[in-house]
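Report on the following structure.
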Amino acid sequence: MNNYSKMISDLKSINIELTDHQIEQFDKYYNLLVKWNEVMNLTAITEFNDVCQLHFVDSLMAVPYFDFNKKELSLIDVGTGAGFPGIPLKIAFPHLKVTLLDSLNKRLNFLNEVINELGLNEDGGSIETVHGRAEDYSNSKNGVLREKFDIGTARAVANMSTLSEYILPYVKVGGHFVAYKSNKINEEIELSKKAIKTLGGTISSVNNTFLPGSDIERSIVIINKSKTTPKLYPRKAGLPSKQPL
């Protein structure tokens, strides 16, 4: 097994303590990520310490700002890619009911193997994968997952207006959108306030921080779902990114 001492220390600094079983799960995850990445493009980051810091720890940076310990929490990770942040959150909080949504079937094949190899459906809660674009399962006509989740997450480069249109339709009233952003985004937040309000959200907090033991900036934005999203949203595929609200 790889040496996870630095990752363990970094996570302790944000009040996360892993069991030996959880560390073993992260190790299996890392090995599967590197193996599959040889035949398909999952991540440009493959060096062990970098994966630990920039994927595993980064995926858990929302923990100081949001309580994932509540029972029966359902979470959808939209555009999950190689499983970040959904799978690290599921490892750290086994009781979560997680749905991983991605548009590329090959990535879901990888994620399903990770789920099986790590036994992520054996530790309580549940985890499943869903194939589709962000707009597919939350529209007002046939969106079977519309307003079904306590938490929506995204760790993406899209602007907050676009991300909010992707995520907030999945979140039930009283739930939360937890956005992972790579740097300080005060100006971006200002530009997105109208869109967030239109979609039924209110900004709860913008938390600018650093990855533990580094000068790498991160921002965790918590948006509360205060009203039902109007039926008009999300708009048809492609529009949220091309024409942000």
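The values are calculated or read from the model by the stated rules, or taken from the named source; none is laboratory data. Since the model is a prediction, treat every value here as computed from it, not as a measurement. When we count neighbours, we look across all protein chains shown, and the Cβ atoms used for this are built from the backbone with ideal geometry, even at glycine. The accessibility values were calculated without ligands, DNA or RNA, using every heavy atom of the protein model including side chains. Shrake-Rupley method; radii C 1.70, N 1.55, O 1.52, S 1.80 Å.
Kindly evaluate Ser74 against the criterion of being among the hydroxyl-bearing types (Ser, Thr, Tyr), open to solvent by less than 10 Å² (accessible area, probe 1.4 Å), touching a residue at least 60 places away in the same chain (Cβ under 8 Å) and in contact with a Phe, Trp or Tyr (Cβ under 8 Å, 6 or more places away or on another chain).
No: the conditions fail for Ser74.
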inquiry  = Looking at Val157 and the list (1) within 16 Å of the chain's Cα centre (by Cα); (2) under 19 Å from Leu33 (Cβ atoms); (3) of a type in the set (A, V, I, L, M); (4) open to solvent by 30 Å² or more (accessible area, probe 1.4 Å), which single condition is not satisfied?
reply    = (2)
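Looking only at the range 86-96, decide whether some residue is touching a residue at least 24 places away in the same chain (Cβ under 8 Å), over 17 Å from Gly124 (Cα atoms) and buried (at least 16 other Cβ atoms within 10 Å of the Cβ).
No - not one qualifying residue is present in the range 86-96.
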task = Find the residue count for the range 22-47, including only residues that are in contact (Cβ under 8 Å) with a residue 60 or more places away in the chain and either loosely packed, with under 14 Cβ neighbours inside 10 Å or part of a loop (DSSP other than H, G, I, E, B) (or both).
result = 2
message = Looking at (1) in contact with a helix residue (DSSP H, G or I) (Cβ under 8 Å, 6 or more places away or on another chain); (2) modelled with pLDDT of 95 or more; (3) hydroxyl-bearing (Ser, Thr, Tyr), which one does Ser74 not meet, given that it meets all the others?
response = (1)
note = Given (1) in contact with a strand residue (DSSP E or B) (Cβ under 8 Å, 6 or more places away or on another chain); (2) not in a strand (DSSP E or B), Thr162 misses just (1)
note = Quick count over the range 53-107, residues being over 11 Å from the mean Cα position of the chain (by Cα) and either among the basic types (Lys, Arg) or in a loop (DSSP other than H, G, I, E, B) (or both), is 17
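Would you be able to say whether some residue in the range 186-193 is open to solvent by 60 Å² or more (accessible area, probe 1.4 Å), touching a residue at least 24 places away in the same chain (Cβ under 8 Å) and within 21 Å of Leu232 (Cα to Cα)? It would help to see each step written out before you state the result.
Taking the range 186-193 and keeping what is open to solvent by 60 Å² or more (accessible area, probe 1.4 Å), we get 186-187, 190-191, 193.
Restricting the remaining residues to those that are touching a residue at least 24 places away in the same chain (Cβ under 8 Å) gives 191.
Among the residues that remain, those that are also within 21 Å of Leu232 (Cα to Cα) are: 191.
Yes, the range 186-193 contains at least one residue that is open to solvent by 60 Å² or more (accessible area, probe 1.4 Å), touching a residue at least 24 places away in the same chain (Cβ under 8 Å) and within 21 Å of Leu232 (Cα to Cα).
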ask   = In the range 49-62, what count of residues is obtained for those that are surrounded by fewer than 16 Cβ atoms within 10 Å (Cβ to Cβ) and either among the aliphatic types (A, V, I, L, M) or touching a helix residue (DSSP H, G or I) at 6+ places or on another chain (Cβ under 9 Å) (or both)?
value = 1
task = Please work out if Ile151 is open to solvent by less than 40 Å² (accessible area, probe 1.4 Å), modelled with pLDDT of 95 or more, hydrophobic (A, V, I, L, M, F, W, C) and farther than 20 Å from Arg218 by Cα.
result = no
ask   = Limited to the range 109-134, what total is found for residues that are part of a loop (DSSP other than H, G, I, E, B) and either farther than 17 Å from Thr80 by Cα or acidic (Asp, Glu) (or both)?
value = 6
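Consider Val173 carefully, then state whether it is open to solvent by 10 Å² or more (accessible area, probe 1.4 Å) and assigned to a strand (DSSP E or B). Please lay out each step first, then the result.
Details: open to solvent by 10 Å² or more (accessible area, probe 1.4 Å): yes; assigned to a strand (DSSP E or B): yes.
Against the criterion (open to solvent by 10 Å² or more (accessible area, probe 1.4 Å) and assigned to a strand (DSSP E or B)), Val173 qualifies.
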inquiry  = Is it the case, given these coordinates, that Asp50 is under 22 Å from Asn208 (Cα atoms) and part of a loop (DSSP other than H, G, I, E, B)?
reply    = no
remark   = Residue pairs within 8 Å by beta carbon, gap of at least six or interchain, first lying in the range 204-233 and more than 29 Å from Glu147 (Cβ to Cβ) and touching a residue at least 60 places away in the same chain (Cβ under 8 Å), second open to solvent by less than 50 Å² (accessible area, probe 1.4 Å) and among the charged types (D, E, K, R), listed first then second, are Thr209/Arg218; Leu211/Asp10; Leu211/Asp58; Leu211/Arg218; Pro212/Asp10; Gly213/Asp10
